[in-house]
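This report refers to the structure that appears directly beneath it.
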Amino acid sequence: MLQTVKGNPLVVINVLAPESMILALGQSSEAFTTDIGQEWTVAGSEELKGVLVPTSTVWKLEAADKARQTATFSATVTYDPAALLQSQQSSIDGMIASFADRAKQLTDAQLAQARSAGKSRTVTYVNSTRDGSTIEVLENTVASVGGMKVTVGVHIWREDQPPVLPSPHAWTAETLSGQRVEPLPQNNTQASIDLDQYRPKADADTASSPNENDGGKPPADSGGDIAPISLKVAKVKTSINPTAGPAVEIALTPESAKAFEDFTRAALGQKTQLLVDGDVIFEPVVREPIMGGSVTISGLDSAQALAVERKLSSSEAKIIVRLAP
């Protein structure tokens, strides 16, 4: 700028006017004030797989801490549904194509879910009111494509400032499945588990229930060195997984959840069977102890899943779990 003015002093106005405009805008921005709880919306865009997807970000001043000299802002980002679906169309088409003949078994509602896409982001910032620097950031992104939902949490903070935002819930939640394939180390034993309760019972006891609290009856052909158990169902529902097909999600009663956990600890590495009304509906290999009383049964078609759900919806419904003969 100085070289231009030295070369021709008459252009000083042309040179300084744009700089003055920028300075004025900066001063105006610094004078901007907002109240706690006040929101404002900013339009933008984000490129996803080569498609420019319009976004809308709602900013909000959440809180101010005079003692720490910080201000907390949140930004909630939503994506244009039509543009987002367009950006994910190739992935959805490939996923549905991988269903092969199973795609013919999907209902209209399930197919519509498989063809859907969604995304949202929530970011919380803790900024210093002394110098405007960012001290801490917490970001949660939820994306769903083809019926599958993924939640990603990112928490970043400065080492010299203790974090004040709560860690994402997903970091402490634990979802376990009987179909996990990672084997446990051979020395991963639990001395607190009484394995004798799963040993074969004496002939005099075979007529009694394998679990007196639940009142179930073991199948006559149960085998192996771990006795069958009977589990009570607290809640059951069917769901659709685009990659695994229909599934039945089962929540056990607290007593049965504990019995199932002890059983799976004793049966590590062995093939088991789950029976409903005497029919084998699932044969998983136990790769890890299953805690929490949550069981997901997959590998069924829609009719089979609904049939299992109906059978387990009864207040007297029970599941027999045993080692595979």
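Every read-out reported here was derived from the displayed coordinates using simple, explicitly stated rules and does not represent laboratory data. Note that the coordinates shown come from a computational prediction; the quantities given were computed from them, not determined experimentally. With ideal geometry, Cβ positions are generated from the backbone for all residues, glycine too; neighbour counts draw on all protein chains shown.
Packing around the peptides 159-165, 230-236, taken as the average count of other Cβ atoms within 10 Å per residue, puts them in this order, highest first: 230-236, 159-165. Cα centroids of the range 119-146 and the range 301-320: how far apart, whole angstrom? Distance between centres, Cα-based: 43 Å. Could you tell me what % of all Cα pairs in the range 277-325 have separations over 12 Å? Pairs farther apart than 12 Å: 71 percent.
Between Ala234 and Ala112, the FRET efficiency estimated from the beta carbon spacing at R0 = 35 angstrom works out to 0.70. Working ranking of peptides 60-66, 299-305 by packing, defined as the average number of other Cβ atoms within 10 Å per residue, highest first, is 299-305, 60-66.
Once the Cβ-Cβ distance of Asp160 and Ala251 is raised to the sixth power relative to R0 = 56 Å, the FRET efficiency obtained is 0.80.
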